[in-house]
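Readers should treat all values here as calculations from the given coordinates under stated rules, not as data from a laboratory. Model, not experiment: these values are computed from the prediction. Virtual Cβ from ideal backbone geometry, glycine too; neighbours counted across all protein chains shown.
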Amino acid sequence: MTTTITRPDSVVRRLFTGLLPPEVREKSRFVWMSNFEAERFWADKNVAQLPKFSQPEDVAIVNRLEEMSLFLAEEPDILILREQSDRGFLDYLSDLGYRLPTILAVNPENKLSAIAEATLANGQVCEQLSRASQNGSMAFFLPYAKTRLEEQIMEKTGLQNVGPTAAVCEKINSKIYSRVLSNELGLRTIKGWECESFQALEESFKIASADLASGQKLVLKESMGVSGKGLYVAENERQAQQIISMLRRKDKAGVQFAFVLEHWVDKQRDINYQIFVSASGKVELLAIKEIVAEKGVHMGHRFPPALSPSQLEAYEQAGQAVGKRLFADGYVGVAGIDSIIDRDGEVYPVLEINARFNMSTYQLGLERLIPPGAKVIAKYYPLLLKEKLSFNYLTDLIGPSLYKRGSAGGGALIQNFATVNVNSDAGAAPFKGRLYVLLIGEDDDQLARLDRTMIEKLSMVQ
């Protein structure tokens, strides 16, 4: 006997259901997992890399961003998390109208370990996943990104694949791929070079030396770099020679090179837009959002962005062209595209393509709560806490500014609570945390007032 499963309201879930064979769509469920560390498994260990530094506390915080999946996964789905979510936060989501999924916690001993590795090592969770397809239903695996580890989970548990292979995702996530695609599609592309050997990199710097001499900054990026890491800015010939000398020492047998060298463009705004490529190759532009930065640090998104008609048209045309090319290369599903608008208002629509979910994907699960015409900022507030903060205390602290179901005039909607106390057991106080919220208002002035209120309230617990 087969089980017919009621369709939930998730936009993202609806889109991915469309990738499934028609005959199983009404009896399917998804198994979600936010493996934010995926890029380090795409990056080949034999590829030369630039120096980079990560604070363990920050890595632990990013790993717990997974809790935002609760806005996408809904009953009858399964959500794999590192730890169980706070009961108060789950009740808050239920009050907002979300039908929560079944949560499976893998509880890794090391907060920094990859969730896919922790899942594979947890026999009980793997056994539960192997039973996810039952009573005539089928369970499809839907991770944030797909690497060889996620494919191993499917092999071990029998979960069904949806979307492209890990190899296709890795190929598309390369900045070299993005540059080549942008040029071949005739899109406005930043002047630069693809460097797949040390010799090519050295030659590219030689070609660009005249630009450096005239005051043009250069930026060297690892092809698989992520979140502003794996890049180096050279403002003069001396700095260029420093990085060339460092990379020359890495030029040994068996070491590969994969970099892009580009002109540094003075930008007016950073824009991220998101497309969905269907099983038939139809491309849908899901969202365009402006990146919010404070002192150079990426804090979140503002939407809708203020774009001129010509800028909006540039994004619509680029989204269609890129999506069709991705489909031709074997990709379906969500893709996020980073871009910039320069000081003259010109759009460079493809800096890099992320063949995975991104923060905008999780925000799609929140848009059902946003009134038409509202202004929104998705951002986080850094915390330095002396002791754990309970969810109930936090909501009492925010008070009438807290967004609740049916709130008139907007408010602060809590996107994630796991990131607040994730470092509380690190053995030292104060400890670092973050509170991720969606500020919803009628206009920019109301958003600014909400922001000031949140900063003032949160200062009381630090």
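Between Val219 and Ser278, what FRET efficiency follows from the Cβ-Cβ distance if R0 is 45 Å, with the result rounded to 0.05?
0.85
Given a Förster distance of 35 Å, report the FRET efficiency between Gln128 and Val180 from their Cβ-Cβ distance, rounded to the nearest 0.05.
0.25
Calculate the tail of P(r) for the stretch 370-461: the fraction of all Cα-Cα distances greater than 19 Å, expressed in %.
Taking all Cα-Cα pairs of the stretch 370-461, the fraction more than 19 Å apart is 38 percent.
Taking the stretch 267-354, how many lysine pairs are there with alpha carbons less than 27 Å apart, if each pair must be eight or more places apart or span two chains?
Number of lysine pairs found: 4.
Work out from phi, with θ = phi - 60° and the Karplus expression 6.51 cos²θ - 1.76 cosθ + 1.60, the ³J(HN,Hα) of each residue of the stretch 271-281, listed in order in whole Hz, and give x for Gly and Pro.
Going residue by residue, I get 10, 10, 10, 10, 10, 10, 9, 7, 5, 9, x Hz, with x marking Gly and Pro.
Just grab the label-to-label distance for Gln317 and Glu57, each label 7 Å out from Cα along the Cβ direction, in nm (one decimal).
Placing both labels 7 Å along Cα→Cβ, they lie 4.8 nm apart.
How far apart, in nm, are two points set 7 Å out from the Cα along the Cα-to-Cβ line at Asp396 and at Asn135?
4.0
If the chain between Ser310 and Lys386 were fully stretched, how many nm would it gain, using 0.36 nm times the residue separation less the Cα-Cα distance?
Value of the extension gain: 22.4 nm.
Residues of the stretch 207-233 with amide nitrogen under 20 Å from the 7 Å Cα-to-Cβ point of Gln241?
207-220, 232-233
In deg cm²/dmol, rounded to 500, what helix-only [θ] at 222 nm does the chain give when every DSSP H run of at least 4 residues adds -39500 (n - 2.57) and the total is split over its residues?
Value at 222 nm, helices only, nearest 500: -9500 deg cm²/dmol.
Skipping prolines and chain starts, which residues have an amide H placed within reach, meaning under 5 Å, of the one on Ala105, given they are 5 or more residues away or on another chain?
Those qualifying (amide H under 5 Å, at least 5 residues apart or on another chain) are Leu81.
Using the scaling law 2.2 N^0.38 Å as the reference, what is the normalised Cα Rg of the stretch 11-168?
Rounded to two decimals, the normalised Rg is 1.07.
DSSP loop (so not H, G, I, E, B), at most 10 other Cβ within 10 Å: list which GluC sites (Glu not before Pro) in the stretch 50-126 pass both filters.
Glu109
Treat every Asp and Glu Cβ in the chain as -1 and every Lys and Arg Cβ as +1, leave all other atoms uncharged, and give the resulting dipole magnitude about the Cα centre to the nearest 20 debye.
Dipole of the chain, to the nearest 20 debye: 340 debye.
Computed FRET efficiency, Cβ-Cβ of Ser209 and Ser113, R0 41 Å: what is it to the nearest 0.05?
About 0.40, to the nearest 0.05.
Below 8 Å, C-alpha to C-alpha, sequence gap of six or more: please give me the relative contact order for the chain in percent.
Across the chain, relative contact order equals 16 percent.
Just to confirm the filter: which GluC sites (Glu not before Pro) across the stretch 352-392 are DSSP coil and have at most 12 other Cβ within 10 angstrom of their Cβ?
Passing sites in the stretch 352-392 are Glu387.
Among Leu159, Cys126, Met246, which residue has its Cα positioned farthest towards the positive end of the charge dipole of the chain, with +1 placed on the Cβ of Lys and Arg, -1 on the Cβ of Asp and Glu, and the dipole taken about the Cα centre?
Cys126
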